[in-house]
1. Pairs, please: C-beta under 7 Å, at least 6 apart or cross-chain, first residue more than 27 Å from THR17 (Cβ to Cβ) and in the stretch 147-164, second part of a loop (DSSP other than H, G, I, E, B)?
2. Would you confirm whether any residue within the stretch 82-93 is surrounded by fewer than 14 Cβ atoms within 10 Å (Cβ to Cβ), modelled with pLDDT of 95 or more and of a type in the set (A, V, I, L, M, F, W, C)?
3. Please give the number of the condition TYR122 fails out of (1) among the hydroxyl-bearing types (Ser, Thr, Tyr); (2) open to solvent by 50 Å² or more (accessible area, probe 1.4 Å); (3) in contact with a Leu (Cβ under 8 Å, 6 or more places away or on another chain); (4) closer than 26 Å to THR31 by Cα.
4. Mind checking which residues of the stretch 207-216 are open to solvent by less than 60 Å² (accessible area, probe 1.4 Å), within 17 Å of the chain's Cα centre (by Cα) and not small (Gly, Ala, Ser)?
5. Quick one: is ILE132 open to solvent by less than 60 Å² (accessible area, probe 1.4 Å), in a helix (DSSP H, G or I), closer than 30 Å to LEU35 by Cβ and touching a Phe, Trp or Tyr at 6+ places or on another chain (Cβ under 6 Å)?
6. Look through the stretch 176-193, keep the residues that are assigned to a loop (DSSP other than H, G, I, E, B) and touching a residue at least 12 places away in the same chain (Cβ under 8 Å), and return whichever of them is least open to solvent (accessible area, probe 1.4 Å).
7. Has the stretch 58-70 got at least one residue that is open to solvent by less than 70 Å² (accessible area, probe 1.4 Å), within 17 Å of ILE133 (Cβ to Cβ), touching a residue at least 40 places away in the same chain (Cβ under 8 Å) and part of a helix (DSSP H, G or I)?
8. Just to verify a result, which residue in the stretch 38-56, among those that are hydroxyl-bearing (Ser, Thr, Tyr) and part of a loop (DSSP other than H, G, I, E, B), is most open to solvent (accessible area, probe 1.4 Å)?
Amino acid sequence: MALKTYTADNIEKEAFTCLLYAKPGDGKTTTIGKLPGKTVVLDIDKTSGVLKNSPNAKGILIVDIDVDDIVNSMNEALAWLASNTDKYDNIAIDNVSELQSCILSYYGQLGRNYGVPSQGDYQKFQFGLARIIRNLKTLQKRILLTAWQELVDVTSPTGEQYTSFMPRIQKSARDNVCGLCDVVGHLEITSTGERVIRLLSTKNVYAKNQHDDRKACRQEDLFSTGGNK
């Protein structure tokens, strides 16, 4: 196989991967409806109904993932995406927290522990989720993953202990997913009711932005580009 090479100035900045997380009902799925261009939504948590009245509703294709046969259904969806790259600009998985629950439940049902997933099932989920994201990234599209939030106890290298909002994903898988994403944003509602996405990490909120130099943005601007990184 020939080795692929290119200079850094030819890196496509438009295609990047973002993980957006918040508590249920704060607007993660609504954000999908504000993305520019045509979007394919892999609907796992079955909340796509809120997209009906979005400004770009006609440009949103919903793929209803079979959660009872989650592994095969996701593989089928990935194959369709790879064969139809000319039909969309964005890919959204809504949401990864529920995807985790469905996959672990699926493997648990196949096991011998009365439906309870084994330690090996958690490892299969971790590597399987990373494989899904890597496959999506090869399509060179804008990718949005949503997730619920959770409060996590953190101990800093200096021994300081505090709690921080993070995406609700199994820890080893979460570290992998966040590493594969260019942007991790925390969706927040201001005192005036405006939804804002935090892109700058603090002690109490995990976020990152390796795509540009923005520290926050509006929902509709998530896939816009600020200054150069």
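The values are calculated or read from the model by the stated rules, or taken from the named source; none is laboratory data. No experiment lies behind these values; they were computed from the predicted model shown. So basically every Cβ, Gly included, is an ideal-geometry build from the backbone, and we count neighbours across all protein chains shown. With ligands, DNA and RNA removed, areas are computed over all heavy atoms of the protein, side chains included. Shrake-Rupley method; radii C 1.70, N 1.55, O 1.52, S 1.80 Å.
1. TYR162/LYS203; TYR162/ASN204
2. The answer is yes; a qualifying residue exists.
3. Answer for TYR122: the failing condition is (4).
4. Of everything in the stretch 207-216, those that are open to solvent by less than 60 Å² (accessible area, probe 1.4 Å), within 17 Å of the chain's Cα centre (by Cα) and not small (Gly, Ala, Ser) turn out to be LYS208, ASN209, HIS211.
5. Values: open to solvent by less than 60 Å² (accessible area, probe 1.4 Å): yes; in a helix (DSSP H, G or I): yes; closer than 30 Å to LEU35 by Cβ: yes; touching a Phe, Trp or Tyr at 6+ places or on another chain (Cβ under 6 Å): no.
Here the answer is no, as ILE132 does not meet what is asked.
6. CYS181
7. no
8. It comes out as THR47.
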